[in-house]
Each structure stands twice: as structure tokens, then as C-alpha cells.
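Undergrad: Pasting in a structure now, in C-alpha cells, and then I'll have a few things to ask.
The values are calculated or read from the model by the stated rules, or taken from the named source; none is laboratory data. Because the structure is predicted, anything quoted here is derived from the model rather than measured. So basically every Cβ, Gly included, is an ideal-geometry build from the backbone, and we count neighbours across all protein chains shown.
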Amino acid sequence: MDISVLLPTRGRSDALMSSIESLRSLAEDFDTIEILFGIDNDDVVGMENMLHNVLPWIETHKINHRIVVFEPYGYNNLHRYVNGLAENSKGAWLFFWNDDAVMTTTGWDARIRERIGEFKLLSVHTHNEHPYSIFPILPRTWFEILGHISQHSSNDAYVSQIAYYLDIFERIEVYCDHNRYDITGINNDATYQQRRVMEGDPGQPGDLNHPDMIKLRGHDTATLATWMQDHGHDLTFFVDAWEGRQDPWVKMRANDINNQVDATARRVNTT
């Protein structure tokens with residue numbers, strides 16, 4: 001497999017079908033792509049949709065796939081789903097996708113496939129041009145080095161901050177719509193309403209910027225940097241940032257054209 005699409009889903013039917021159909025219909029070569037669905041064992045709506053709609057669609061189009069059933073972890077543990085799906089994947093690139101996202105670029109997969117062998121965090125264009133990789137695309141090596149993709153439910157923030165610090169963040173010419181209710185007014189359903197976002201209160205254990213979480217990001221950053229050094233990657237930017245000679249967030253700020261990332265969110269522990 002060239003690309004593994006990691007797709008946790010809960011309680012959605014029409015949105016999920018629109019999402020996966022957009023990936024298939026606009027792909028150049030879906031034979032080398034697999035979709036890994038993550039679903040809770042108590043998700044009646046999702047299970048029914050999987051049985052009556054998704055599986056017939058898979059059979060019709062001969063989609064490489066795997067369905068992984070989880071104990072319900074909740075949105076505040078979204079990283080556990082992503083890591084679990086990655087563990088069951090085979091692709092050279094791991095593409096964390098959402099059941100409320102719709103691909104809009106023809107040949108999106110070719111733009112990813114041509115980067116096989118590179119050690120980058122790839123980012124697509126979506127609403128408001130957020131400076132993070134909202135739907136992260138990572139080389140399989142990232143997962144193999146760390147044993148996980150992310151250690152926080154805000155997967156996009158977690159991996160993007162690490163990538164900026166390592167100077168391996170890169171935007172590619174792939175566009176998609178993220179039909180999250182607070183962005184587009186679409187999908188104001190139970191799945192959206194019941195989500196618990198672990199970000200915005202650094203004093204709360206488990207928050208993205210709690211000191212313990214900052215240390216975890218710092219450890220992952222250093223571990224990836226060690227691998228990069230051993231494999232001949234240029235670490236000048238990282239070393240200068242780590243030792244205080246380089247602002248690690250200069251490229252993030254340049255990409256933050258709509259001022260969506262507060263300075264307090266840019267934290268990787270360097271001690």
C-alpha cells in the first residue's frame with residue numbers, strides 16, 4: 001500500500017459516505033490505497049451504516065480496507081483511535097482523515113505518492129488555511145520510530161508543532177472541505193455536540209499545553225531528531241531552535257495568515 005487512510009468514525013452515515021466517495025472518485029489510483037475504519041463497539045448507527053452502506057460500497061468498488069472495532073474511548077482520546085489504526089495499516093504514508101471531510105482535488109493521491117521516501121509532515125489546504133496540518137499525512141517511519149503518531153487528541157496540533165520544530169512541515173497542493181459545524185455550519189449532530197476538546201486550559205491534566213504534555217512533545221521531537229541525525233537529515237534549524245538561537249515558530253507564524261494559533265499553544269519542552 002502507498003497510502004493508508006486512517007478514519008475513525010462515530011454515529012455518521014451520509015457524511016461518512018460522502019467523505020469516502022470523494023476520496024475514491026478523485027483518486028488517480030485507488031488500488032494502492034487502503035481505508036482503515038475505526039468504530040466503537042457501542043455505535044449502533046455506525047454499525048448499521050457499515051453493514052448496509054459502507055460494506056456494499058466497498059465490495060462494489062473493490063476497496064482495500066480494514067474495520068477495527070474499539071472500546072469507546074471518546075473524542076478526548078482521539079489519538080488512541082489514530083494510533084490503533086496506524087498499527088493495523090500497511091501504507092508508506094499514513095493519512096489521518098475525518099468523517100466530516102470531503103476531498104476536492106483530482107489526483108490527490110498522486111501528490112502524496114510522489115513524496116514516498118521523504119521524511120516530512122504533509123499538509124493539505126482546507127478552511128481558513130490553518131497553519132497546522134489539519135488532516136496530517138505522515139511517513140510510516142514516524143509511527144515506527146515512536147510507536148505512535150500522537151499522544152494527544154489534538155493530533156493535528158501535536159504533530160504539526162513537532163514538524164515545525166524539526167523543519168519538516170510542508171504544504172502540498174491538495175484541497176478539501178472540512179464540514180465541521182463550527183466551521184461550515186454542517187454536521188451539528190450528536191457526534192459534534194458531545195466532543196470534548198482537551199485544549200485551552202493548560203492547568204488541566206491532559207490539556208494540550210499542560211506541562212506533562214509539553215514534555216511528551218519534547219521527548220517525541222528529540223527522538224525523531226535523533227533518527228533524522230542518524231539518517232543524514234539536515235538538523236541545523238532544529239539544533240538552533242533547541243539551543244535558543246532560532247525561533248522555532250517562524251514558519252508557523254508565516255503560515256498563520258488568519259492568526260488562528262495563539263502564542264501560548266506553540267510549546268515544545270526543550271529541557
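Undergrad: Condition test on residue 147, is it more than 29 Å from residue 253 (Cα to Cα), of a type outside the set (Val, Ile, Thr) and modelled with pLDDT under 95?
TA: Numbers: more than 29 Å from residue 253 (Cα to Cα): yes; of a type outside the set (Val, Ile, Thr): yes; modelled with pLDDT under 95: no.
Judged against the criteria, residue 147 is not a match.
Undergrad: When the range 113-125 is examined, which residues are found to be surrounded by 22 or more Cβ atoms within 10 Å (Cβ to Cβ) and either under 22 Å from residue 12 (Cβ atoms) or among the β-branched types (Val, Ile, Thr) (or both)?
TA: 124
Undergrad: Residue check, residue 208 against (1) modelled with pLDDT of 95 or more; (2) among the aliphatic types (A, V, I, L, M); (3) under 21 Å from the mean Cα position of the chain (by Cα), all met but one. Which one?
TA: (1)
Undergrad: Same structure again: Hey, any hits in the range 122-141 for a residue that's part of a helix (DSSP H, G or I), under 16 Å from the mean Cα position of the chain (by Cα) and modelled with pLDDT of 95 or more?
TA: Looking through the range 122-141, at least one residue is part of a helix (DSSP H, G or I), under 16 Å from the mean Cα position of the chain (by Cα) and modelled with pLDDT of 95 or more.
Undergrad: Since residue 110 meets every condition but one in (1) surrounded by fewer than 19 Cβ atoms within 10 Å (Cβ to Cβ); (2) aliphatic (A, V, I, L, M); (3) in a helix (DSSP H, G or I); (4) free of Cβ contacts under 8 Å to residues at least 40 places away in the same chain, which condition does it not meet?
TA: All conditions pass for residue 110, except number (4).
Undergrad: Given 94, 138, which one is closer than 18 Å to residue 222 by Cβ and of a type in the set (A, V, I, L, M)?
TA: Just a single option satisfies the conditions, and that option is 138.
Undergrad: Of (1) closer than 22 Å to residue 29 by Cβ; (2) not in a strand (DSSP E or B), residue 148 satisfies all except one. Which?
TA: For residue 148, the failing item is (1).
Undergrad: Go through the range 208-267 and report how many residues are among the small types (Gly, Ala, Ser) and within 24 Å of residue 151 (Cα to Cα). Break it down into steps so the answer makes sense when it comes.
TA: Restricting attention to the range 208-267, the residues satisfying the condition of being among the small types (Gly, Ala, Ser) are 218, 222, 225, 232, 241, 244, 254, 263, 265.
From what is left, the residues that are within 24 Å of residue 151 (Cα to Cα) are 218, 222, 225, 241, 263, 265.
Qualifying residue count for the region: 6.
Undergrad: When the residues of the range 22-73 are filtered to those that are assigned to a helix (DSSP H, G or I) and β-branched (Val, Ile, Thr), which remaining residue is nearest to the chain's Cα centre (by Cα)?
TA: First, pick out the residues of the range 22-73 that are assigned to a helix (DSSP H, G or I): 22-26, 30-32, 44-61.
From what's left, β-branched (Val, Ile, Thr): 32, 44-45, 54, 58, 60.
On the way: 32: 20, 44: 25, 45: 24, 54: 22, 58: 23, 60: 28 Å.
Selected residue: 32.
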